[in-house]
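See structure below.
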Ligand code: BGP
């Protein structure tokens, strides 16, 4: 496996299929849960969809060429399950396979290392109608789809991830309700989803091992640690519950091959009874990953529950009035509000130091795993000048801090081997459609999807160059 033969560190950027591809019904693609949600559901408050998005489906050469100009040597993307298997099981769509063949071959020909996630939220609609990730058969269906991808692309792709953010995906689907099929404060489904997703991940990892693919496979988690507010009284109780709530349903199976020891006792507090099967533990044991992908955006600051009913605070719109983002869980814990920290319009803390604290903590507690920062970035409302150029100084300022903290952790021995900026170009944001921008390259959605590199694009290129010279 020669991923690190040419370089000791991978520098790139990331996208996900639904958010950038468009071509939602082209060349035999089946519908995904997000197609349904954005076309039909009244619970979609974005009032837009990914039908065209950045139209990567027809612009991939241009986007990859641009990435190469930016000195990026890797690109993270996801495969749309319903493009490969329109119903999630059964018939294979060869045109779907062919599209990804073209993309993968193109960037390999340019010296860019593909990093492929098998699942980034866009569940085939047919499977969603059968109960989605609550259906116990899903993990087998996923393993089957994964095997097809490994067999087809495994001769070229050396970096794989099973599932993107099983925790956050479940949080949005089952607690907030802004992802399909929109359940609200449903803790039973929240934990069952994570459990089933990790079972699916483990089964896919086993398939990967059976096929002796010459590569590495990981799972992608969001954020990774929690911090306690200073005035927290019941420190160990809050820490244990919140860490299980946010992280350990994912990190323990992925990195230790076991379920969290405190799982049973914490589940009781939530009045949750997980459906499990006899040999699950064996499956999880054989599903340990080679690396952890970490999507790092913000800190989870928690404290004791004070008063009030269970509630979730989530600001999809990015309204300035947002004061907090997070959750209150009666009798257990709540997210804390730190007045001294700047927030973005979505109410999230701007706190790049979490890059250091999360990396150090995961390194210490989970046996020094190999880690890739699979996403990190800054969402903004942006106004270009008359030439379409965006001077995104805020993005540069904040990302620079994130990167410095990452390199500090690396210099102290954390085995972090890659960084992917979110996102390669502007694309669809799950929570704010096309208003919330993350790209290093602007996409003009009103003018032929024209691509114009932002100030951050050249800044990132220089950062990579300087790192490589040192
Ligand atoms: C992560 C997702 C990405 C991306 C990013 C930004 O959770 O993996 O797909 O969207 O967050 O989030 P948002 O667009 O909701 O601001």
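Every read-out reported here was derived from the displayed coordinates using simple, explicitly stated rules and does not represent laboratory data. Note that the structure is a prediction, hence the values are computed from the model and not measured. Because the Cβ atoms are built from the backbone with ideal geometry, glycine has one as well, and the counts that use them run over all protein chains shown.
Between residue 340 and residue 269, the C-beta separation translates, for a Förster distance of 25 Å, into a calculated FRET efficiency of about 0.20.
Each Cα pair under 8 Å and six or more residues apart adds its sequence gap; the mean of these over the residue count of the chain is a relative contact order of 16 percent.
Annotation: the residues 258, 349, 21, 375, sorted from fewest to most other C-beta atoms within 10 Å of their own C-beta, follow the order 258, 349, 375, 21.
Each of 370, 198, 406 was scored by other Cβ atoms within 10 Å of its Cβ. Arranged with the fewest first, they read 370, 406, 198.
The value of relative contact order for segment 275-426, using C-alpha pairs under 8 Å at least six residues apart, is 25 percent.
The average projected area of the chain, computed from the convex hull of its Cα atoms over all directions, is 20.6 nm². For the pair residue 51 and residue 276, the difference between a 0.36 nm per residue extended length and the Cα-Cα distance amounts to 77.3 nm. For segment 394-470, the Kirkwood estimate of the hydrodynamic radius, built from every pair of different alpha carbons, is 14.0 Å. Given R₀ = 45 Å, what would the calculated FRET efficiency be for residue 68 paired with residue 92, taking r from the Cβ atoms and rounding to 0.05? After rounding to 0.05, the efficiency reads 0.90. A full extension of the chain between residue 446 and residue 311 corresponds to an added length of 44.8 nm, given 0.36 nm per residue minus the alpha carbon distance. Let me make sure I get this right: for segment 309-391, a, b and c are the square roots of the gyration tensor eigenvalues over alpha carbons, sorted descending. Under 1.5 in a/c it's rounded, otherwise prolate if a/b > b/c, else oblate. Which is it? Oblate, since a/c reaches 1.5 and b/c is not below a/b. Relative contact order, whole percent, for segment 252-353 stands at 24, derived from Cα pairs under 8 Å and 6 or more residues apart.
If you plug the beta carbon distance of residue 468 and residue 136 into 1/(1 + (r/R0)^6) with R0 = 60 Å, you get a FRET efficiency near 0.80. Each DSSP beta bridge with both residues in the chain is either parallel or antiparallel, and the antiparallel ones are about 30%. Taking 1.306 mPa s as the viscosity and 10 °C as the temperature, the Stokes-Einstein diffusion coefficient of segment 100-247 based on its alpha-carbon Kirkwood radius rounds to 94 µm²/s. Segment 342-427 gives an Rg/Rh value of 1.04, both radii derived from C-alpha positions and Rh following Kirkwood. Calculated mean residue ellipticity at 222 nm for the chain: -10500 deg cm²/dmol, from DSSP H runs with n ≥ 4 weighted as -39500 (n - 2.57), summed, divided by the residue count and rounded to 500.
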